[in-house]
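Novice: Would you mind keeping the following structure in view while I ask a few things?
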Amino acid sequence: MQMTTKSLAAAAIVLAGLGLSGCATTDYVDEQVALVNSRVDGVEANLRTTTQTAQAAQAAAQAAATDAQNANRRIDALTSRVDRVEQQMASSRSPRN
């Protein structure tokens, strides 16, 4: 069987087409999956760090709010005491003559 130039050219084109359109190998897919997994792991680590930071900020804000409430209570108590003292002083004053 003698191959002609046309059949050789057709065979070369078919082989080149098959070679260029080949399927992804298992190794290539594994590499890509590993790359994506490493990126996902990095994002998860950042999420954990961000979550911990947010929780710490929330705890600090709650503590500050509690401190502010306590300070307001003390100020209210002092205000009422000062008002009572002022009333006592006003009622105990005697006119100077």
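Each reported figure results from applying straightforward, stated rules to the coordinates on display, with no laboratory input. Just so it is clear, the model here is predicted, and its values are computed rather than measured. All Cβ positions, glycine included, derive from the backbone under ideal geometry; neighbour counts span all protein chains shown.
Novice: Between SER38 and GLN69, what is the FRET efficiency for a Förster distance of 35 Å, r being their Cβ-Cβ separation, to the nearest 0.05?
Specialist: After rounding to 0.05, the efficiency reads 0.15.
Novice: Relative to the present Cα-Cα distance, how much length would full extension add between ALA59 and THR79 at 0.36 nm per residue of separation?
Specialist: Values: separation 20, 0.36 × 20 = 7.20 nm, distance 3.01 nm.
Taking ALA59 through THR79 to full extension adds about 4.2 nm, to one decimal.
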